[in-house]
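Before any comments, here is the structure.
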Amino acid sequence: MADTAAPRDDGLPEALRFHSPAPLVDIGANLTHPSFAHDLDATLDRAQSAGVETLILTGTDREHAEQAAELARERAGLYATAGLHPHGASEWSSSLEAAMRELHRRPEVVAVGECGLDFNRNFSTPAEQERAFEAQLGLAAESGLPLFIHERDAGARLHDILHAWRDDISQAVVHCFTGERRTLHGYLDLDLHIGLTGWLCDERRGHHLRELVSDIPLERLMVETDCPYLLPRNLPAKLKGRRHEPALLPWIVREIALWRNLTEVELARATTATARRFFRLDAADDNHPALEEGH
């Protein structure tokens, strides 16, 4: 019997087909999430059309880090991180540490993480989280790679741990920052970078961030979708399925630029320059397998 179902329309509505006035780097895209399995190529095409030319794929455990690294190996413009999210910290082991160390040696892997502390949900105990985080700080010190850090409701403790390690690690970014002024300035005092997402676009809980964005020096600010999560709530059109994707990053840049009193092109250029410098993408491009193979 023939399949008479209508073809699935996974494109974006016209009102959501943004285009950045300058190339963007999405520093946090969870493209190994199952929701992208059926249309990954189309998702990447839409990102390119929107001006999001470079994506850092987030590796949150061994499986997803390996998947992210493999995707990055195959495609120019994609890079990966490799780490264990604090939710899974109870799984940290010597064998996992060895696997992460091997991943960090791959040229397409440009950061250690996503790692850190999350005292909001405590899927792993705080003690387990701290143990796994300190182990990954050790891997960052060993490899020289920057850190891609998750923090929620754990700002003071994260600050204290990072303060103790600051001379041993290179750079670090607190991605998807949602904290308060005191937490932000504590991170900035440690010379950390800050990643902002569509949280800023949420009228229920993002208002305080609008007052803080100007406190972040441009040379420390980066942008990200954290897709498929954190779809901006103030988009000009509804999105079927409510799955966030990299092509919507220009909308987040527009919102941040508004609250920083900058033009979109100024913010796009600044955050891209910061991201390329932070993740050492010029050097990474020279060794990227897909570029060497002409993909």
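Which residues, counting only those in region 184-232, are within 23 Å of ALA29 (Cα to Cα) and hydroxyl-bearing (Ser, Thr, Tyr)?
Matches in region 184-232: TYR187, THR197, THR225, TYR229.
Restricting to region 47-64, and then to whatever is in a helix (DSSP H, G or I) and either among the aliphatic types (A, V, I, L, M) or in contact with a Lys or Arg (Cβ under 8 Å, 6 or more places away or on another chain) (or both), can you tell me which residue is farthest from VAL112 (Cα to Cα)?
Within region 47-64, the subset in a helix (DSSP H, G or I) is 47-49, 62-64.
Subsequent filtering for residues that are either among the aliphatic types (A, V, I, L, M) or in contact with a Lys or Arg (Cβ under 8 Å, 6 or more places away or on another chain) (or both) retains 47, 49.
Values: ALA47: 24, SER49: 29 Å.
Only one residue fits best here, namely SER49.
So PHE18 passes all but one of these: (1) part of a loop (DSSP other than H, G, I, E, B); (2) closer than 20 Å to ASP118 by Cα. Which condition number does it fail?
Single failed check for PHE18: (2).
Give me the pairs: first residue in region 218-241 and in contact (Cβ under 8 Å) with a residue 24 or more places away in the chain, second residue assigned to a strand (DSSP E or B) and open to solvent by 70 Å² or more (accessible area, probe 1.4 Å), beta-carbon distance under 8 Å, and six or more apart or on different chains, which are they?
Partner pairs satisfying both residue conditions: none exist.
Determine if region 197-219 includes at least one residue that is touching a helix residue (DSSP H, G or I) at 6+ places or on another chain (Cβ under 6 Å), open to solvent by less than 40 Å² (accessible area, probe 1.4 Å) and assigned to a strand (DSSP E or B).
no
Here's a check for you: in region 123-149, which residue that is closer than 19 Å to ASP160 by Cα and not in a helix (DSSP H, G or I) is nearest to the chain's Cα centre (by Cα)?
My answer is PHE148.
Looking only at region 200-207, decide whether some residue is acidic (Asp, Glu) and modelled with pLDDT of 95 or more.
No, region 200-207 contains no residue that is acidic (Asp, Glu) and modelled with pLDDT of 95 or more.
Of the residues LEU249, LEU192, LEU221, LEU239, which is in contact with a strand residue (DSSP E or B) (Cβ under 8 Å, 6 or more places away or on another chain) and more than 26 Å from TRP165 (Cα to Cα)? So that I can check it myself, show each step before the final result.
Numbers: LEU192 fails: more than 26 Å from TRP165 (Cα to Cα); LEU221 fails: more than 26 Å from TRP165 (Cα to Cα); LEU239 fails: in contact with a strand residue (DSSP E or B) (Cβ under 8 Å, 6 or more places away or on another chain).
Result of the check over LEU249, LEU192, LEU221, LEU239: LEU249.
Taking region 152-165 on its own, how many of its residues are open to solvent by 20 Å² or more (accessible area, probe 1.4 Å) and out of contact with any Cys (no Cβ under 9 Å at 6 or more places or on another chain)?
Residues flagged as open to solvent by 20 Å² or more (accessible area, probe 1.4 Å) and out of contact with any Cys (no Cβ under 9 Å at 6 or more places or on another chain) within region 152-165 amount to 8.
Okay, residues lined up against (1) under 17 Å from the mean Cα position of the chain (by Cα); (2) of a type in the set (Asp, Glu); (3) on the phi < 0 side of the Ramachandran plot:
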residue	(1), (2), (3)
GLU211	no, yes, yes
ASP215	no, yes, yes
PRO236	no, no, yes
HIS244	yes, no, yes
ILE252	yes, no, yes
ALA283	no, no, yes
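For THR271, which of the numbered conditions (1) outside any helix (DSSP H, G or I); (2) within 15 Å of the chain's Cα centre (by Cα); (3) more than 23 Å from THR60 (Cα to Cα) fails to hold?
(1)
Here are THR81, THR60: which of them is open to solvent by 20 Å² or more (accessible area, probe 1.4 Å) and under 18 Å from PHE279 (Cβ atoms)?
When all the criteria are applied, what remains is THR60.
I want to confirm something. Restricting to region 240-267 and keeping residues that are over 30 Å from HIS38 (Cβ atoms) and among the aliphatic types (A, V, I, L, M), which single residue is most open to solvent (accessible area, probe 1.4 Å)?
Only one residue tops the list, namely LEU258.
With touching a helix residue (DSSP H, G or I) at 6+ places or on another chain (Cβ under 6 Å), within 22 Å of ALA273 (Cα to Cα) and open to solvent by less than 30 Å² (accessible area, probe 1.4 Å) as the only criterion, which of ALA65, ALA76, ALA29 stands out?
On the way: ALA65 fails: within 22 Å of ALA273 (Cα to Cα); ALA76 fails: open to solvent by less than 30 Å² (accessible area, probe 1.4 Å).
Going through ALA65, ALA76, ALA29 in turn, the sole match is ALA29.
The values are calculated or read from the model by the stated rules, or taken from the named source; none is laboratory data. It should be emphasised that the depicted structure is a prediction, and the values quoted were computed from it without experimental measurement. So basically every Cβ, Gly included, is an ideal-geometry build from the backbone, and we count neighbours across all protein chains shown. Accessible surface is based on the protein model in full, side chains and every heavy atom, while ligands, DNA and RNA are left aside. Shrake-Rupley method; radii C 1.70, N 1.55, O 1.52, S 1.80 Å.
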